[in-house]
Amino acid sequence: MSRYHEVYASWKKDPEAFWGEAAREISWYKLWDRVFDPYMGEYGRWFPGAECNTAYNCLDRHVQSGRGDQKALIYDSPVTGTKTSFTYSELTYEVATFAAVLKDLGVEKGDRVIIYMPMVPEAVIAMLACARIGAIHSVVFGGFAANELATRINDAKPVAVVSASCGIEPGRIVAYKPLLDKAIELSEHKPQHCVILQRPMLEAELVAGRDRDWSTLVNDAKTRGRKAGCVAVAATDPLYILYTSGTTGQPKGVVRDNGGHMVALKWSMKNHYGVEPGEVYWAASDVGWVVGHSYIVYAPLLHGCTTVLYEGKPVGTPDAGAFWRVISEHRVAAMFTAPTAFRAIKKEDPQGEFIKKYDLSAFRTLFLAGERADPETIKWAEEKLRVPVIDHWWQTETGWAICGNPVGLGMLPVKYGSPTVPMPGYDLHVLGDKGQPLPPGETGTLAIKLPLPPSCLPTLWNNNERFRKSYLSEFPGYYTTSDAGYRDEDGYVYVMARTDDVINVAGHRLSTGQMEEVVAQHKDVAECAVIGVYDETKGQVPTAFIVLNAGVNRDPKEIEAEVVHLVREVIGPVAALKNVMVVKRLPKTRSGKILRGTMRQIADGEPWKMPATIDDPAILDEITEVLKARGALRQKAPA
Ligand code: COA
Ligand code: AMP
């Protein structure tokens, strides 16, 4: 029997008592004045008046309670052939040392530090070092190019940037340092210091006066016995800013606080993921994404687990058995990744032959999120792994699951295609266009009645107005998730599509609006539309339709290749734009709105209706012909 309904009801009856109780799992320097103050901030704030330190709760506290010799972090890197680990004592020492290095460089409480790093332990050390001294980190995913990094530097205005000479992608070395140099050149704000971790695969040239070598600084601090202690910060102070795709080229700076974040994540480890302190937990994501922040770094460490930092891919490093090797070697109890990773494995090893080669006896549960877990993928994973496979739905904005199947409270029956039910803290509603509640089975916007629970964003960095406009204004009294979906008669939630221009490519969140802005920069492009079309492995991939300026008579293939290159240069390889098609015209409504939705339905082979407001129906035939000629027209919609 699951305790879910009882626990959810107890939260609903008295949210403050519920979260006040959960907060007892955290060590505080000073307790809160109130669990929740509805008059503070944009919709209220959690634990105002309280003081705490996130790094202390992740590290020192465990050392003091006897976990010092337990592994805190296992670094497993098939792309460099490295495996190392840090005990809680060792990780505390490294973090305290690097925190002292940051302090010596002049980083103070409240200052921002950008971390642009591959999946190396130093990235985690840098994040926790910031938390230790009350600095606010902002991690930028390594697959973003210089321009994206520059945008974030300009918005966050960091005192320092921590980076590495290179990252390793299968078959190529990604030189990070030239991207960082270019980003600083592009940005108006200039960070005072860059700390660069030199990796032996490709060393970087350091800029005199600005760049410092990580190892030199750390070794020097160790020789001098320099360590920084944990600084008490307000529970409501920001721990980090994480930029995520919005509807324009300007990403949204999601702010995470210290107190509420710790309380919710700690609660989730036992109750949602069903793991105990001392067990091994592995999120195969990247520290550049929210999953990496919450479930590679903060939650497992808050809970006293051993976390795995994996620098590799599900396939090709070296084969489709990579995940099973890691699970078996490190005795992973619970794993969290994106469905796309499993689709990639399934494609290479449909019979699951590699699974048979490994001892997966410690493995209990697989969690999937980042995009809708398609039933086929779930069924395949269940059948081959013989463990429960749990889909759960969340966003960068929330920092933890909105909906899930709480293994720790006792699993509810799985319904394929549904991330199950709202977690305590989330009063989820399905709203129609006018904000009216919709009955079971009807699709509308999934909206959360305010207040949002602990860990969710209190606002956007330096932009309260954009926060209100993006999330709170569409349905007064609610936060809009910008996801559309429905609930069934049993209250199970189905998340079907975004209501904005965000697409999900290999579990990565991207904005087609932002891509359009970049594509439109090409000198020969008159106008364009970018849509996300179905892809067997990545879920969706972007496809750009471009109309050329009058008089351009160059080879369209050449222009298409230039557009692919441009998006890779400006946004980064993660944008994964490979399909660009020159078309004569774009389909529009009579008022000039591009009919992106209809184009997507055509490309995906879904049934579609001629929009009543279309200006010229013949254009849809032209688009269909182009897609057909390119072999990009799906015959049948995915299940
Ligand atoms: N630094 C630099 N480049 C990066 C990068 C990084 N950290 N991460 C990805 N890229 C590059 C890739 O090399 C690829 O470049 P290419 O166009 O030259 O091949 C491009 O960005 C697109 O990456 P991706 O969409 O991830 O495709 P992929 O073919 O490399 O891998 C998967 C596909 C499914 C194997 C991979 O995306 C994956 O493992 N995803 C699941 C886990 C995950 O990351 N989830 C995210 C949130 S939970
Ligand atoms: P991100 O902010 O990168 O975590 O992306 C959040 C978005 O990914 C959500 O708004 C959804 O559109 C999508 N998403 C994440 N998890 C799921 C899921 N389990 N089911 C459906 N969509 C999901």
Assess whether LEU586 counts as being away from ligand 1 (no atom under 16 Å from the Cβ) and surrounded by 19 or more Cβ atoms within 10 Å (Cβ to Cβ).
yes
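Condition check ((1) surrounded by fewer than 20 Cβ atoms within 10 Å (Cβ to Cβ); (2) touching a residue at least 40 places away in the same chain (Cβ under 8 Å); (3) within 28 Å of PRO542 (Cα to Cα)) across all residues:
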| site | (1), (2), (3) |
| --- | --- |
| THR445 | no, yes, yes |
| SER473 | yes, no, no |
| GLY491 | yes, yes, no |
| LEU510 | no, yes, yes |
| GLU517 | yes, yes, yes |
| ALA520 | yes, no, yes |
What are the residues in the range 40-67 that are buried (at least 17 other Cβ atoms within 10 Å of the Cβ) and closer than 19 Å to GLU94 by Cβ, if any?
ASN53, THR54, ALA55, TYR56, ASN57, CYS58, LEU59, ASP60, ARG61, HIS62, VAL63, ARG67
Within the range 474-527, residues farther than 21 Å from VAL421 by Cβ and of a type in the set (Gly, Ala, Ser) come out as GLY477, ALA506, GLY507, SER511, GLY513, ALA520, ALA526
Do we find a residue being within 16 Å of ligand 2 (Cβ to nearest atom) and more than 24 Å from LYS252 (Cα to Cα) anywhere in the range 534-554?
yes
So, in the range 385-407, of the ones that are of a type in the set (A, V, I, L, M) and assigned to a loop (DSSP other than H, G, I, E, B), which residue ends up farthest from ligand 2 (Cβ to nearest atom)?
VAL387
Just give me the residues in the range 241-262 being at pLDDT 95 or above and in a loop (DSSP other than H, G, I, E, B), in sequence order.
ASN258
Would a scan of the range 187-197 turn up a residue that is crowded, with 16+ Cβ neighbours inside 10 Å and either assigned to a helix (DSSP H, G or I) or free of Cβ contacts under 8 Å to residues at least 12 places away in the same chain (or both)?
no
Tell me which residues, restricted to the range 493-508, are β-branched (Val, Ile, Thr), more than 16 Å from ligand 1 (Cβ to nearest atom) and crowded, with 20+ Cβ neighbours inside 10 Å.
VAL493
By residue number, the members of the range 328-348 that are near ligand 1 (Cβ under 9 Å from one of its atoms) and either part of a loop (DSSP other than H, G, I, E, B) or under 17 Å from the mean Cα position of the chain (by Cα) (or both) are PHE336, THR337, ALA338, PRO339, THR340, ALA341
Answer yes or no as to whether ALA603 is within 16 Å of ligand 2 (Cβ to nearest atom), buried (at least 19 other Cβ atoms within 10 Å of the Cβ) and of a type in the set (A, V, I, L, M, F, W, C).
no
Looking at ASP524, ASP501 in this structure, which one is in contact with a helix residue (DSSP H, G or I) (Cβ under 7 Å, 6 or more places away or on another chain) and within 15 Å of ligand 2 (Cβ to nearest atom)?
ASP501
Flag if SER294 is within 16 Å of ligand 2 (Cβ to nearest atom), within 16 Å of the chain's Cα centre (by Cα), among the polar types (S, T, N, Q) and not in a loop (DSSP other than H, G, I, E, B)
yes
With criteria (1) within 16 Å of ligand 2 (Cβ to nearest atom); (2) in a loop (DSSP other than H, G, I, E, B), VAL574 comes up short on (2)
For THR481, are the conditions met, namely being at positive phi and within 16 Å of ligand 2 (Cβ to nearest atom)?
no
Evaluation of ASP500 against (1) part of a loop (DSSP other than H, G, I, E, B); (2) outside the structural domain of GLY41 (by TED's automatic domain parsing); (3) at pLDDT 95 or above (one fails), failing number:
(3)
Take the residues in the range 4-53 that are part of a loop (DSSP other than H, G, I, E, B) and aromatic (Phe, Trp, Tyr), then tell me which one is nearest to TYR492 (Cα to Cα).
TYR43
Return yes or no: is TYR281 in contact with a helix residue (DSSP H, G or I) (Cβ under 8 Å, 6 or more places away or on another chain), in the same structural domain as ARG172 (by TED's automatic domain parsing), in contact (Cβ under 8 Å) with a residue 40 or more places away in the chain and within 15 Å of ligand 2 (Cβ to nearest atom)?
no
Counted residues, the range 517-543 - those being modelled with pLDDT of 95 or more and part of a helix (DSSP H, G or I)
2
The one condition in (1) away from ligand 2 (no atom under 16 Å from the Cβ); (2) closer than 20 Å to LYS83 by Cα that GLU348 fails to fulfil
(2)
In the range 200-222, anything more than 21 Å from LYS182 (Cα to Cα) and either charged (D, E, K, R) or touching a helix residue (DSSP H, G or I) at 6+ places or on another chain (Cβ under 8 Å) (or both) is listed as LEU217, VAL218, ASP220, ALA221, LYS222
Those residues of the range 26-46 which are touching a Leu at 6+ places or on another chain (Cβ under 9 Å) and small (Gly, Ala, Ser), in sequence order
GLY44
Given the criterion surrounded by fewer than 16 Cβ atoms within 10 Å (Cβ to Cβ), modelled with pLDDT of 95 or more and in the same structural domain as THR244 (by TED's automatic domain parsing), identify the matching residue among PRO453, PRO439, PRO419.
PRO439
Name the single residue that is farthest from ligand 1 (Cβ to nearest atom) among those in the range 352-382 being in contact (Cβ under 8 Å) with a residue 24 or more places away in the chain and surrounded by fewer than 14 Cβ atoms within 10 Å (Cβ to Cβ).
ASP359
From the options TYR426, TYR471, residue that is more than 16 Å from ligand 1 (Cβ to nearest atom), among the aromatic types (Phe, Trp, Tyr) and not in a helix (DSSP H, G or I)
TYR426
If you take the residues of the range 436-460 that are among the hydroxyl-bearing types (Ser, Thr, Tyr) and farther than 23 Å from ALA497 by Cα, which of them is nearest to the chain's Cα centre (by Cα)?
SER455
Does any residue of the range 311-327 turn out to be more than 16 Å from ligand 1 (Cβ to nearest atom), touching a residue at least 40 places away in the same chain (Cβ under 8 Å) and touching a Pro at 6+ places or on another chain (Cβ under 7 Å)?
no
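The values are calculated or read from the model by the stated rules, or taken from the named source; none is laboratory data. Computed from a prediction, not measured in an experiment: that's the story for all the values here. Here Cβ is always computed from backbone atoms with ideal geometry, including for glycine, and neighbour counts include all displayed protein chains.
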